[in-house]
2 protein chains.
Amino acid sequence: MNILFIMYDQLRFDYLGCAGHPHLETPHFDSVAARGVRFTNAYVQSPICGASRMSTYTGRYVSSHGASWNNVPLRVGEWTMGDHLRAAGMECWLIGKTHMKADAKGMARLGLKPDSVIGARQAECGFDVWTRDDGLWAEGPDGFYDSGRSPYNAYLRDKGYPSQNPWADFANAGVDADGDIASGWMFANADKPANIREEDSETPWLTQEAIAFMEQASGPWCAHLSYIKPHWPYIVPAPYHEMFGPDHVPPAVRDEVEREDPHPVYGAYMGNKIAAAFQQDEVRNKVIPAYMGLIKQCDDQLGVLLKYLEDTGQMEDTMIVLTSDHGDYLGDHWLGEKDLFHEQSVKVPLIVYDPRTEADATRGTTCDALVEAIDLAPTFVETAGGEVPDHILEGRSLLPFLHGQRPDWREVAISEFDFSGTPQAVKLGLAPKDCRLFMVFDGRYKMMHAEGGFRPMLFDLQEDPQEFHDLAKGTAHAEIIDRLYDQLAAWGRRCAQRITRSDAEIIAGRGGSLRKGILPFLVDGSEVPGELTSAYRGPAKARYDT
Amino acid sequence: MNILFIMYDQLRFDYLGCAGHPHLETPHFDSVAARGVRFTNAYVQSPICGASRMSTYTGRYVSSHGASWNNVPLRVGEWTMGDHLRAAGMECWLIGKTHMKADAKGMARLGLKPDSVIGARQAECGFDVWTRDDGLWAEGPDGFYDSGRSPYNAYLRDKGYPSQNPWADFANAGVDADGDIASGWMFANADKPANIREEDSETPWLTQEAIAFMEQASGPWCAHLSYIKPHWPYIVPAPYHEMFGPDHVPPAVRDEVEREDPHPVYGAYMGNKIAAAFQQDEVRNKVIPAYMGLIKQCDDQLGVLLKYLEDTGQMEDTMIVLTSDHGDYLGDHWLGEKDLFHEQSVKVPLIVYDPRTEADATRGTTCDALVEAIDLAPTFVETAGGEVPDHILEGRSLLPFLHGQRPDWREVAISEFDFSGTPQAVKLGLAPKDCRLFMVFDGRYKMMHAEGGFRPMLFDLQEDPQEFHDLAKGTAHAEIIDRLYDQLAAWGRRCAQRITRSDAEIIAGRGGSLRKGILPFLVDGSEVPGELTSAYRGPAKARYDT
């Protein structure tokens, strides 16, 4: 069996037809959901690209792998999905984005060269690279945000787009009435068509790359097809730019009560530039239709992939996984971007199609178990026929759910966020180690703990599914808060770093030192069978004590 | 400046003259204490050799580095004292024991060969090796406990001791009345002299090695002189075997109340073979005099070292640090060995002599701050003139205390113990991940938390300095227990794995993405200076959208 593991960047859980969006039809996503299971409570381990992906790819919580924000390098030696899958006999390839930053200092210390196979896998988060493009070829006075090379820019230049950075000048820009670049960075331009042939834009390009990969692959393989979109810049080529308009924009999910004495961290975020932009209806009315257009294009390209799998007879031996690395506030809760723990940000779509007959009973169903993105790595390892190394992987395989079982499951989902690198850290006057947020969600109550001496936030999603009323402002929910803190504390004590010895090895090793002569309890040797002490008996070989 | 960092294995904090032992005189330890500071509340991060040392050498808590028990490999890539000191321009050499187990699987994955410089440092916990000998050449039906080579055994064979394993047959054995080997493993033999010339026994051998190292070293260096003794086997050569007798054995610190409804983990330990042996007065009366003799020998050998430093003029530029990796119950609390968190096990001696004039004001004083063994690595880095990488090192430099300051300091000391590999795990029926204990000690109250659903233990060392009365049996101390659990929880959330980016780098990087063109908040570009958006302005290069 192969695994087509598709991630969309910044795709909200509720912007799919099958998830109930009122205006956005996504027949191809829906068709995978109809063949598989849609998880309705899937949470990422950090609502930001880099940290979220490092958790998904390592199967470990952010505090366990340490790459807690974009471009914080993943420490050399962390085991990843690719390592575990290769050990189980399955290749693991990357087509698209990872946001992986190599631990150059750690690699240099160990003498690892980035151009060796080992070094390249360390630098590429354990993937073998078919195509790596993180899709953020931004440029400013200090140069490029991404110092790597862009295969996508090379592709566009080959196609004749006359620019050193056609990503910025064509794929993510329109043209204004004066014939000037209408950059996709400016929300005012989000309703313009991107100045690129649709088939050359990022999403079709990665679809082509994925098909080219599959054309030559012999398997078993896991292909991580990691789309750059619908992540900003919010601009989409024709005809997608005009499929949706202000009439299709849902009202912002926000309430004045949220601005009354907000939690200081939430307050700081509500006051940032992104929030200020998304608090304007004009911005939402331009950006959200573009965002929907980008998703619609993703859905169409998913259709291309599904047709390819059908046409080549691969639907029967390919697991398909559709998910995201985090959501997008889009003005909900007075916020833009992601970062905090409201559902719009931390919940992701997760649809898994398992072609095996064991999964027949669950096709077209939903599952509301508290699922974490770190569950994917063990799911894939088990699918590959490997044994899940649960002394390293902190998630749990989802195969039981796919196969109609309801295993004992975690009581809380955990997510984390490190804002030490942001303006909010400055505004709040916090030391980097105090700029850390933790979400504990038990399926009903969602608590945010903030380091730095702040009170928590608490929402009751049963009574207040829109998360407007912060119950931690009063004292009425002290018991629930205490309980969630206890659950966070238990998580904090988890055994996350004993990665060099499995539980099975520990159990098998018990008593081993006894049989290797370690006997620090003997009064005279009569306590144990003679064979254990035979090395210490017999005539002395000489006397040296005089 | 150089650093002579001496560790004695299994040396109790209170078996020194300067610490008030009634019968054991240790003039050389005392003389270092008289020139330096003796820390009276120094705690190891795990009361067992391997885990404790990995914390001391990495400057990180056990749950942070993951090598939670003897022979659990330290994951490849962990930074150690040696890495940090070399970066600060100081060599870091090993003479003796580390109990380091290399992460062979992790090294193989990264292509690191144990015989390369990089590979050897990875395999040797960051030290360059002058002599490595862990001093446990035990042998049983399944072979040797330690599969390495023993320089000490080679030394003894060179000296003519006729055995393949003279460590076992001579250094750690006497001869009985019948001329047979009287193994040091049997406590009944602890009063016999070891069948070896005193100058050939382990402690003088390592002293010679240390002097040989210093003879040729040019510095600046840190030498970790890591003695194997007074760790068991409890047997010592003449004349040390007869310096102490039953009259010098303090009464066991134990009380019947401890056996009434004990905490299940404590109860399991009280019922193990080692405890059963040490509950016998005959055992204590033989073993403790041998233990004291071993310490007396260590003290004499410390005298040799001090004389060498004096004679070579090195006392003025050598910091001397004397400590241990854990204690030894010796029958106190009905226990033998170490493992749990009573003072006899988890508290260690720690004496630091700093030759610099800044330390003149504190010479001969004691310091009762809650010090952890992980504080040594940052102390050494600062002594070497380096900047303490506090995104990796979790301890804090002790130099302020040595220089007469009283900095704001930690509120609790933490220690951990993993008994998943022991018979107690079997007896209690626990899964490996539940065999984990945590100590939280605030200087007065000491709590032990045990995973696996047990109640905690609590002692008030002010009212009950001998730790007989477990206050967690009742409900009277619920508030204190809650508070200690809160402190443990805060520790559990610590930022331990963000080791690839320092706080200074985080602060310096703020706003960096803005200047590299990441601007996901622009409505029309007027929000920021034009230079930030100049890459996205100007005439479009061509039109492709039709």
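The values are calculated or read from the model by the stated rules, or taken from the named source; none is laboratory data. A quick note: this is a predicted structure, and the numbers were derived from the prediction, not measured. Cβ coordinates were reconstructed from backbone atoms using ideal geometry, including for glycine residues, and neighbour counts include every protein chain displayed. What goes into the accessible areas is simple: the full protein's heavy atoms, side chains included, and nothing from ligands, DNA or RNA. Shrake-Rupley method; radii C 1.70, N 1.55, O 1.52, S 1.80 Å.
A few notes on this one:
- Some residue of region A:506-513 being assigned to a helix (DSSP H, G or I), at the interface with another protein chain (Cβ under 7 Å from one of its Cβ atoms) and within 34 Å of the chain's Cα centre (by Cα): yes
- For region B:1-32, residues that are on the phi > 0 side of the Ramachandran plot and polar (S, T, N, Q) total 1.
- Of the residues making up region B:159-188, those that are in a helix (DSSP H, G or I) and at the interface with chain A (Cβ under 8 Å from one of its Cβ atoms) are B:Ala168, B:Asp169, B:Phe170, B:Phe187, B:Ala188.
- Residue ID - nearest to B:Phe39 (Cα to Cα), chosen from residues in region B:355-368 that are open to solvent by 70 Å² or more (accessible area, probe 1.4 Å) and among the hydroxyl-bearing types (Ser, Thr, Tyr): B:Thr366
- Residue match in region B:124-134 (condition: at pLDDT below 95, more than 11 Å from chain A (Cβ to nearest Cβ) and surrounded by 21 or more Cβ atoms within 10 Å (Cβ to Cβ)): yes
- Filtering region A:366-406 to residues that are within 23 Å of the chain's Cα centre (by Cα) and more than 17 Å from A:Gly82 (Cα to Cα) leaves A:Thr366, A:Cys367, A:Asp368, A:Ala369, A:Leu370, A:Val371, A:Glu372, A:Leu398, A:Leu399, A:Pro400, A:Phe401, A:Leu402.
- Verdict on B:Thr203 being under 21 Å from B:Thr312 (Cα atoms), of a type in the set (S, T, N, Q) and open to solvent by less than 20 Å² (accessible area, probe 1.4 Å): no
- For region A:515-546, filtered to residues that are open to solvent by 40 Å² or more (accessible area, probe 1.4 Å) and more than 7 Å from chain B (Cβ to nearest Cβ), the residue that is farthest from B:Ala431 (Cα to Cα) is A:Thr546.
- Note on region B:106-158: residues that are under 26 Å from B:Gln208 (Cα atoms), among the aliphatic types (A, V, I, L, M) and not in a loop (DSSP other than H, G, I, E, B) amount to 6.
Here is a yes/no grid of residues against (1) modelled with pLDDT of 95 or more; (2) within 21 Å of B:Asp442 (Cα to Cα); (3) small (Gly, Ala, Ser):
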{"residue": "B:Ala369", "(1), (2), (3)": "yes, yes, yes"}
{"residue": "B:Thr379", "(1), (2), (3)": "yes, no, no"}
{"residue": "B:Gly386", "(1), (2), (3)": "yes, no, yes"}
{"residue": "B:Glu394", "(1), (2), (3)": "yes, yes, no"}
{"residue": "B:His403", "(1), (2), (3)": "yes, no, no"}
{"residue": "B:Trp409", "(1), (2), (3)": "yes, yes, no"}
{"residue": "B:Ala413", "(1), (2), (3)": "yes, yes, yes"}
{"residue": "B:Glu416", "(1), (2), (3)": "yes, yes, no"}
{"residue": "B:Ser420", "(1), (2), (3)": "yes, no, yes"}
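- Every condition in (1) more than 30 Å from B:Cys222 (Cα to Cα); (2) open to solvent by 30 Å² or more (accessible area, probe 1.4 Å); (3) not in a loop (DSSP other than H, G, I, E, B) is met by B:Gln466 except one, and the failing one is (3).
- Of everything listed in (1) without any contact (Cβ under 8 Å) to a residue 60 or more places away in the chain; (2) closer than 30 Å to B:Gly386 by Cα, the single unmet condition for B:Met243 is (2).
- Among the residues of region A:220-244, just one is crowded, with 24+ Cβ neighbours inside 10 Å and of a type in the set (D, E, K, R), namely A:Lys229.
- Residue count for region A:493-505 satisfying the condition of being among the basic types (Lys, Arg) and either without any contact (Cβ under 8 Å) to a residue 40 or more places away in the chain or outside any loop (DSSP other than H, G, I, E, B) (or both): 1.
- Filtered residues of region B:269-281 (kept if more than 8 Å from every other protein chain (Cβ to nearest Cβ) and either in contact with an Asp or Glu (Cβ under 6 Å, 6 or more places away or on another chain) or in a helix (DSSP H, G or I) (or both)): B:Tyr269, B:Met270, B:Ala275, B:Phe278, B:Asp281
- Single condition A:Gly140 does not satisfy, out of (1) more than 24 Å from A:Gln301 (Cβ to Cβ); (2) within 29 Å of the chain's Cα centre (by Cα); (3) more than 7 Å from chain B (Cβ to nearest Cβ): (3)
- Sub-9 Å Cβ pairs linking a first residue in region B:248-264 that is farther than 12 Å from B:Asp281 by Cα and open to solvent by less than 60 Å² (accessible area, probe 1.4 Å) to a second residue that is in a loop (DSSP other than H, G, I, E, B) and among the small types (Gly, Ala, Ser), at least 6 apart or interchain, are B:Val253/B:Gly331; B:Pro264/B:Gly452, ordered by first then second residue.
- Scanning region B:369-387 for residues that are touching a His at 6+ places or on another chain (Cβ under 7 Å) and open to solvent by 10 Å² or more (accessible area, probe 1.4 Å) yields one hit, B:Gly386.
- Lone qualifier among A:Leu488, A:Leu522, A:Leu458 - being assigned to a strand (DSSP E or B) and modelled with pLDDT of 95 or more: A:Leu458
- When region A:525-539 is filtered for residues that are of a type outside the set (Val, Ile, Thr) and assigned to a helix (DSSP H, G or I), the ones remaining, listed by number, are A:Gly530, A:Glu531, A:Leu532, A:Ser534, A:Ala535, A:Tyr536.
- Search result, residues across region B:71-100 that are within 15 Å of the chain's Cα centre (by Cα), buried (at least 20 other Cβ atoms within 10 Å of the Cβ), in a loop (DSSP other than H, G, I, E, B) and not hydrophobic (A, V, I, L, M, F, W, C): B:Thr80, B:Lys97, B:Thr98, B:His99
- Qualifying residue in region B:176-193 (condition: over 30 Å from A:Pro529 (Cα atoms) and of a type in the set (A, V, I, L, M)): no
- Residue within region B:417-440 that is surrounded by fewer than 16 Cβ atoms within 10 Å (Cβ to Cβ), under 24 Å from the mean Cα position of the chain (by Cα) and within 14 Å of another protein chain (Cβ to nearest Cβ) present: no
- Any hit, region A:32-39, residues being within 14 Å of chain B (Cβ to nearest Cβ), of a type outside the set (S, T, N, Q) and either surrounded by fewer than 24 Cβ atoms within 10 Å (Cβ to Cβ) or assigned to a helix (DSSP H, G or I) (or both): no
- Every condition in (1) surrounded by fewer than 23 Cβ atoms within 10 Å (Cβ to Cβ); (2) away from chain A (no Cβ under 14 Å) holds for B:Asp390 except the one numbered (2).
- Output for region A:112-123, where each listed residue is surrounded by fewer than 21 Cβ atoms within 10 Å (Cβ to Cβ) and charged (D, E, K, R): A:Lys113, A:Asp115
- Filter result for B:Ala217 (under 29 Å from B:His84 (Cβ atoms), open to solvent by less than 20 Å² (accessible area, probe 1.4 Å) and more than 11 Å from chain A (Cβ to nearest Cβ)): no
- Within region A:189-213, the residues that satisfy the criterion of being part of a loop (DSSP other than H, G, I, E, B) and facing chain B (nearest Cβ under 7 Å) are A:Asn195, A:Ile196, A:Arg197.
- A count restricted to region A:457-505 and to residues that are within 23 Å of B:Leu484 (Cα to Cα), within 14 Å of another protein chain (Cβ to nearest Cβ) and in contact with a Pro (Cβ under 7 Å, 6 or more places away or on another chain) stands at 1.
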